[in-house]
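The next block holds one structure in the form of structure tokens; read it before the comments.
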Amino acid sequence: MSQIESQNTPQPVATRPAHLVSRAIAVGLLAVAVSGLLSFSGRSNSFGLQTAHAQNFGYRTIQGKVLDDTSTPVGAATVFLKNVKTRNVKSFTSLPDGTFRFAQVGMVDDYEVWAARGKGKSAVKSISSYDSRKEVQFDLKLK
């Protein structure tokens, strides 16, 4: 056998250099993806395979008004936002028109919100991590 013939003869996989085997695997995976056997659109393909997508764990805004027992807006009330899991508490002083706003509140945790001013305190409102609303709005009534 001449030297030219031995170069063109296929070698068994075990004797091929490692970089050629890696390249062959990469080309094969690319061919599978291009042929549509793997679905990246979230829909099932002809083989019934499903693609998993990550959930959107973004942020939400919690806002509303603090009101007294006659539904008059209460300014300078302290509104508390408590992360139920970490027990971290943030506060906001309501504006003169009674409004409050907490921005960039994580959607993966549960929260409790309440207001207080002087001897008055509102009922505690709960916001669940299962609540998918990006904007949560409610009134807190002082008693």
Just need a number here: residues in the stretch 104-138 that are more than 16 Å from THR61 (Cβ to Cβ), touching a Leu at 6+ places or on another chain (Cβ under 7 Å) and either not small (Gly, Ala, Ser) or not assigned by TED's automatic domain parsing to the domain that holds GLY64 (or both). 3
When you scan the stretch 127-136, do you find a residue that is under 21 Å from the mean Cα position of the chain (by Cα) and of a type in the set (A, V, I, L, M, F, W, C), even just one? yes
Give me the pairs, please: first residue somewhere in the stretch 119-143 and within 19 Å of THR93 (Cβ to Cβ), second residue anywhere and among the hydroxyl-bearing types (Ser, Thr, Tyr) and modelled with pLDDT of 95 or more, beta-carbon distance under 8 Å, and either six or more positions apart or on two chains. LEU140/SER122; LYS141/SER71; LYS141/SER122; LEU142/SER122
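The values are calculated or read from the model by the stated rules, or taken from the named source; none is laboratory data. Just so it is clear, the structure is predicted and the values come from calculations on it, not from any experiment. Reconstructed Cβ throughout: ideal geometry from the backbone, glycine too, with neighbour counts over all protein chains shown.
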